[in-house]
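**Student:** Right, I'll just put the structure down here and ask away after.
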Amino acid sequence: MTEPKISTESITPKSSSYKKWVESEGIPLVESFFVDDIAQVPLAPWKRTGGLGVRLCLAGTGETNDAYICEIPAGKSLAPEKHMYEELIYVIKGRGAATIWNEGEPKRTFEWQEGSLFSPPLNAWHEIFNGNGSEPARFLAVTSAPCMINLIHNTDFIFDCPYVFSDRYHSQENYFGNPGIWYSGRTWNTNFVADVKNLKLLEWKERGGGGSQVRLEMSENTLCGHISQFAVGSYKKAHFHGPGAHVIILAGDGYSLLWPRGQEIKRFDWKPGSLVVPPGGWFHQHFNAGSVPVRYLALRWGSQKYHEMWGEGRGKADVDVKLGGNQIEYEDEDPVVRTMFDQACAKAGVDNLMAKYYPNSRPNLPYESE
Ligand SMILES: [Fe+2]
């Protein structure tokens, strides 16, 4: 019998399969907690796509999902691609069209504009066109590339697999144009949202902040999204869930607090275009410290149709921690939270309306962290 070989080298490479792939793409990787403005992040030429890009694998994703920002030069299109990871595309700026097809089947084309949200179905070919001959178009996509590439660690399979997921998309003529289905729990099953900035939202009392919301299920994905809005002079309740919720501020000014249970609070001040990803299991809380309602788009795990992947704690996200849920009620929060908000409102010259909206909400006892 031959003896096994002995190696003096480490078996553990310096970076993950996903990070090695990002490096091979030749575009920068951002790994911070927070991005100040997705419309302004510098991009580099991205040879494979024919556009410009940057990859964002923020700390709060736990490398389960990621995002990238891409710019399509004026009047140009990106190289067609298909891949074995999901992606949700939010248009930051510009207008254009996208053509989607399965190998050997008819092509379907639809138009998009600033504020649109859509998702090429898993492993379907897609080509994205900038419809403006004089201005670049920019979008941000949230993808499941990190978990897929780290699991499979073979990019030929990721980008060149012939399998057609006809259970997700079988060349339906009106796939991106049909009005979808509304379900209970403020949930819209749709494959295209024309403008997330102006979509009418539905009241959501449980999370506080005079809030409204719509949850989005798209292209039979495991990734999903929601749009939330909350009132001037108010803030939402703290809660936690799994990693990878990309929160993009669409309107308003304010800040988010993020903290692991019982540990120091981090504060991030934001404006339209900011992006924050709360790490899995960390409490986080969003505050409107400006003069207009805050609206954000969250692109994340936690589909209600295809659940149990690092999700929002199905059914627990807006349930009191005292009852086994994931949310801290106003009256239980650390008093420093309200004091900080008093100061932020005074600085912005707006009234703190929490006492008006929630008369019994002023915290009187420090929150018990265990
Ligand atoms: Fe959250």
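**Student:** Could you tell me how many degrees, from 0 to 90 and to the nearest 10, lie between the Cα long axis of helix 335-348 and the main elongation axis, the longest principal axis, of the Cα atoms of the chain?
**Tutor:** 80 degrees
**Student:** With a 1.4 Å probe and every protein chain left in place, tell me how much accessible area Ser219 has, in Å² to the nearest 10.
**Tutor:** We get 0 Å² for Ser219.
**Student:** Now for a separate question. Solvent-accessible area per residue for region 170-253 at a 1.4 Å probe radius, Å²?
**Tutor:** Per residue, region 170-253 has an accessible area of 35 Å².
**Student:** Follow-up. Just to check I understand the Karplus step: with θ = phi - 60° and J = 6.51 cos²θ - 1.76 cosθ + 1.60, what whole-Hz values come out for region 114-130, glycine and proline as x?
**Tutor:** Once rounded to whole Hz, the list reads 3, x, 6, 9, 8, 9, x, x, 3, 6, 7, 4, 8, 10, 10, 10, 8.
**Student:** A further question follows. Could you tally the net charge around Leu122, taking each other residue with its Cβ under 10 Å from the Cβ of Leu122, Lys/Arg +1 and Asp/Glu -1?
**Tutor:** In short, -2.
**Student:** Also: Please report Rg (one decimal) and Dmax (integer) in Å for the Cα set of region 109-221.
**Tutor:** 16.8, 48
**Student:** Could you pull out the GluC sites (Glu not before Pro) across region 52-132 that fall in loop regions by DSSP (anything but H, G, I, E, B) with no more than 12 other Cβ atoms inside 10 Å?
**Tutor:** Of the GluC sites (Glu not before Pro), the ones in loops of region 52-132 whose Cβ has at most 12 other Cβ atoms within 10 Å are Glu103.
**Student:** Can you give the charge dipole size of region 96-161 about its Cα centre, rounded to the nearest 20 debye, using +1 on the beta carbon of Lys and Arg and -1 on the beta carbon of Asp and Glu?
**Tutor:** My answer is approximately 120 debye.
**Student:** Sort Ser134, Ser32 by accessible area with a 1.4 Å probe, largest first.
**Tutor:** From most exposed to least exposed: Ser134, Ser32.
**Student:** OK, next. Sorting Glu333, Glu105 by accessible area (1.4 Å probe), largest first, what list results?
**Tutor:** Glu105, Glu333
**Student:** Using just the helices of the chain, give the 222 nm mean residue ellipticity in deg cm²/dmol: DSSP H runs with n ≥ 4 each add -39,500 (n - 2.57), and the total is spread over all residues, rounded to 500.
**Tutor:** Per the formula, -3000 deg cm²/dmol.
**Student:** Taking θ = phi - 60°, what integer Hz values does the Karplus form 6.51 cos²θ - 1.76 cosθ + 1.60 yield along region 238-254, in sequence order, with x for Gly and Pro?
**Tutor:** Per-residue couplings from phi come out as 6, 7, 9, 6, x, x, x, 7, 7, 9, 10, 6, 9, 8, x, 10, x Hz.
**Student:** When Lys and Arg each count +1 and Asp and Glu each count -1, what net charge do the other residues less than 13 Å away from Phe110, Cβ to Cβ, add up to?
**Tutor:** Local net charge: 0.
**Student:** Continuing with this model, one more query. For the chain, what % of the accessible area comes from carbon and sulfur atoms, probe 1.4 Å?
**Tutor:** Its accessible area is 53 percent carbon and sulfur atoms.
**Student:** Oh, and also: Go through region 36-47 residue by residue and turn each phi into a ³J(HN,Hα) via Karplus (6.51, -1.76, 1.60, θ = phi - 60°); whole Hz please, and just put x for glycine and proline.
**Tutor:** 5, 7, 5, 6, 10, 4, x, 10, 10, x, 10, 4
**Student:** Roll a 1.4 Å probe over the protein chains and send me the accessible area per residue for region 54-141 in Å².
**Tutor:** 30 Å²
**Student:** Which entries of Lys19/Lys76; Lys236/Lys356; Lys47/Lys76; Lys236/Lys271 show an alpha-carbon separation above 20 angstrom in the structure shown?
**Tutor:** Violating the 20 Å limit, Cα to Cα: Lys19/Lys76.
**Student:** Mind computing the radius of gyration and Dmax over the alpha-carbon atoms of the chain? Å is fine for both.
**Tutor:** 21.6, 81
**Student:** Count the net charge of all other residues whose Cβ sits under 13 Å from the Cβ of Gly254, scoring Lys and Arg as +1 and Asp and Glu as -1.
**Tutor:** That sum, taken over residues with Cβ under 13 Å, equals +3.
**Student:** Something else: Which of Ala79, Phe34, Cys57 sits farthest toward the positive end of the charge dipole of the chain, with +1 on the Cβ of Lys and Arg and -1 on the Cβ of Asp and Glu?
**Tutor:** Farthest along the dipole direction, towards plus: Phe34.
The values are calculated or read from the model by the stated rules, or taken from the named source; none is laboratory data. Computed from a prediction, not measured in an experiment: that's the story for all the values here. Every residue, glycine as well, gets a Cβ built from its backbone with ideal geometry; the counts of neighbours run over all protein chains shown. Heavy atoms of the whole protein, side chains included, go into the accessibility calculation; ligands, DNA and RNA do not. Shrake-Rupley method; radii C 1.70, N 1.55, O 1.52, S 1.80 Å.
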